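Nothing in this text is a laboratory measurement; each read-out follows from the coordinates by a stated rule. Just so it is clear, the structure is predicted and the values come from calculations on it, not from any experiment. A quick note on method: Cβ atoms are made from the backbone with ideal geometry, for glycine too, and the neighbour counts reach across all protein chains shown.
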There are 2 protein chains.
Amino acid sequence: MGRTSDAKERLLEAALDLIWERSYGVVTIDAICEKAGVKKGSFYYFFDSKSTLAVAALNENWIQDGKAKWDALFSASLPPLERIRGFMQSVYDGQVKVQKEHGKVLGCPCFSIGSETSTQDEVIRAKAQEILQSQIRYFESAIRDAQAEGSVPPGDAAAKAKCLFALFEGSLAQARIQNDLDFLRTLPDASLDILGARSLKVAA
Amino acid sequence: MGRTSDAKERLLEAALDLIWERSYGVVTIDAICEKAGVKKGSFYYFFDSKSTLAVAALNENWIQDGKAKWDALFSASLPPLERIRGFMQSVYDGQVKVQKEHGKVLGCPCFSIGSETSTQDEVIRAKAQEILQSQIRYFESAIRDAQAEGSVPPGDAAAKAKCLFALFEGSLAQARIQNDLDFLRTLPDASLDILGARSLKVAA
DNA sequence: CTTGTATTTGACTATCTAGTAAACTATTAT
DNA sequence: ATAATAGTTTACTAGATAGTCAAATACAAG
């Protein structure tokens with residue numbers, strides 16, 4: 001009952017876009033409203049601060065977009081090392097597209113926002129952490145499967161997953177800083193190297 | 001001739017501290033002035049914007065502090081893999097200290113600021129890039145030496161260095177986001193793993 | 001000691017920004 | 001059709017922020 005609206009969704013999308021492109025601290029509520037085509041009064045009807053909006057935007061983006069992509073890339077129907085290689089390749093392909101559309105390599109919004117806000121905004125930090133932890137689990141599971149089939153040496157899969165994740169996010173952030181896709185090109189190979197799967201990789 | 005002052009140095013230090021602890025976008029000129037014990041008029045006597053100050057602060061920090069530390073850690077008097085292992089260990093030790101002093105893991109200021117400002121402030125971006133590139137060269141050189149003595153398999157040393165650097169910075173950023181030193185504890189071992197020096201590492 | 005210069009100070013303006021409130025409008029269920 | 005509800009609009013306030021300027025001050029060197 002009552003009026004319907006997609007203003008909330010437009011705000012979520014505009015916020016993530018702007019914050020990803022610029023940064024959390026520098027993006028104003030006014031700018032988000034303008035991009036979303038929403039008046040500030042309406043903003044405060046839906047959210048009560050930039051922080052609240054950012055958390056909702058990160059969550060929405062992961063639940064509505066990210067998760068399904070990761071599920072497909074890490075599908076159990078693929079050989080475990082192919083999942084990792086394919087994922088890393090898709091990261092590169094994705095950033096190629098981002099660079100074409102935005103004119104710059106932007107990296108991973110969750111990681112950038114998380115790093116920026118971690119010491120100032122506990123709620124955003126916690127949401128970013130939650131999403132990132134959730135992503136690490138995809139790596140961990142693939143590594144465990146690889147170990148089970150013997151394509152990767154045994155060892156602490158959780159630790160290896162963290163390591164691989166650091167390589168992945170570090171490369172993305174580096175690519176953003178230098179606006180250079182070269183940091184991502186070698187990611188598929190380097191990922192398998194770091195897991196000690198060199199021989200397997202060559203065979204694949 | 002005229003009055004002397006260390007206000008400029010105090011501003012540089014206060015700026016780096018605040019930006020490292022919080023973020024570039026959120027730190028105001030007023031806050032920097034307050035921390036440095038300097039009036040805003042004096043700020044504008046020495047610098048003409050927050051951006052200019054940030055660039056000078058990054059540069060000062062690298063030239064006066066960072067470089068000498070890296071030189072010592074990557075001293076050619078050490079076996080190449082010991083340089084890398086020792087460096088990674090010192091990163092961990094350093095962040096333990098940071099956590100004690102600031103209450104939080106803060107990661108690498110250059111990388112954080114670089115990532116945050118890369119799309120908005122070309123001058124800061126360029127300075128961060130310059131410093132980071134310069135740091136990658138330490139890795140590259142150590143890797144080349146390791147390859148020469150046969151403790152690491154041959155291959156594109158520049159690419160391997162980028163990779164190792166991504167792992168290193170990614171781990172630091174991750175540690176910042178989660179405020180958790182665990183992401184750094186395994187860095188020394190993981191670094192040698194990624195270079196394919198596992199057997200050597202065990203021997204060391 | 002005095003002169004020139006480097007630095008400091010405080011008061012100021014203009015602009016931006018977050019957040020509020022109340023009147024207004026569209027939609028839907030009954 | 002109309003009442004209740006969901007969303008919108010506009011205009012507003014208070015405070016923060018960047019940046020300016022001219023007068024004051026301290027110091028170094030001759």
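Need one word for segment B:77-187: rounded, prolate or oblate. Basis is the Cα gyration tensor (sqrt eigenvalues a ≥ b ≥ c); a/c below 1.5 gives rounded, then a/b vs b/c decides.
Note, shape of segment B:77-187 comes out oblate.
Give the dimensionless ratio obtained when the Cα radius of gyration of chain B is divided by 2.2 N^0.38 Å.
1.13
Provide Rg and Dmax in Å for the protein assembly as shown, with only Cα atoms included in the calculation.
Every Cα atom of the protein assembly as shown included, Rg and Dmax give 22.1, 77 Å.
Can you sort B:T52, B:T4, A:T186 from fewest to most other Cβ atoms within 10 Å of each residue's own Cβ? Before the final figure, lay out each step's value.
Numbers: B:T52 13, B:T4 6, A:T186 19.
Final ranking by Cβ density, sparse to dense: B:T4, B:T52, A:T186.
Could you state the angle between the C-alpha long axis of helix B:7-21 and the longest principal axis of the C-alpha atoms of chain B, as a value from 0 to 90 degrees rounded to the nearest 10?
Taking the Cα atoms of chain B, the angle to B:7-21 is about 60 degrees.
Would you work out the relative contact order for chain B, in percent, from Cα pairs under 8 angstrom that are 6 or more residues apart?
Details: 207 pairs, mean separation 45.3, N = 204.
Reported as a whole number, the value is 22 percent.
Of B:K40/B:K100; B:K39/B:K67; A:K69/A:K127; A:K39/B:K50; B:K39/B:K104; B:K35/B:K127, which pairs sit farther than 27 Å apart, going by alpha carbon to alpha carbon?
B:K40/B:K100; B:K39/B:K67; A:K39/B:K50; B:K39/B:K104
Does segment A:89-134 classify as rounded, prolate or oblate by the C-alpha gyration tensor (a ≥ b ≥ c root eigenvalues; a/c under 1.5 gives rounded; else a/b over b/c gives prolate, otherwise oblate)?
In terms of gyration-tensor shape, oblate.
How far is it, in nm, from the label point at B:S75 to the one at A:K67 when both lie 7 Å from their Cα along the line to the Cβ?
In this crude label model, B:S75 to A:K67 measures out at 5.4 nm.
Which aspartates and glutamates, if any, have their Cα less than 19 Å from the Cα of B:K162, not counting same-chain residues under 8 positions apart?
Reachable aspartates and glutamates: A:E169, A:D180, A:D182, A:D189, A:D193, B:D71, B:E82, B:E130, B:E140, B:D145, B:D189, B:D193.
Convert each backbone phi in segment A:163-173 into a coupling constant with the Karplus relation 6.51 cos²θ - 1.76 cosθ + 1.60 (shift: θ = phi - 60°), then list the ³J(HN,Hα) values in order as whole Hz, x for Gly and Pro.
5, 4, 5, 4, 4, 5, 5, x, 5, 4, 5
Cα gyration tensor of segment B:117-169, axes a ≥ b ≥ c as square roots of the eigenvalues: rounded (a/c below 1.5), prolate (a/b > b/c) or oblate?
Since a/c reaches 1.5 and a/b is larger than b/c, the shape of segment B:117-169 is classed as prolate.
Distance from the Cα centre of segment B:1-24 to that of segment A:80-95, in angstrom?
Value for the Cα centre distance between the two parts: 44 Å.
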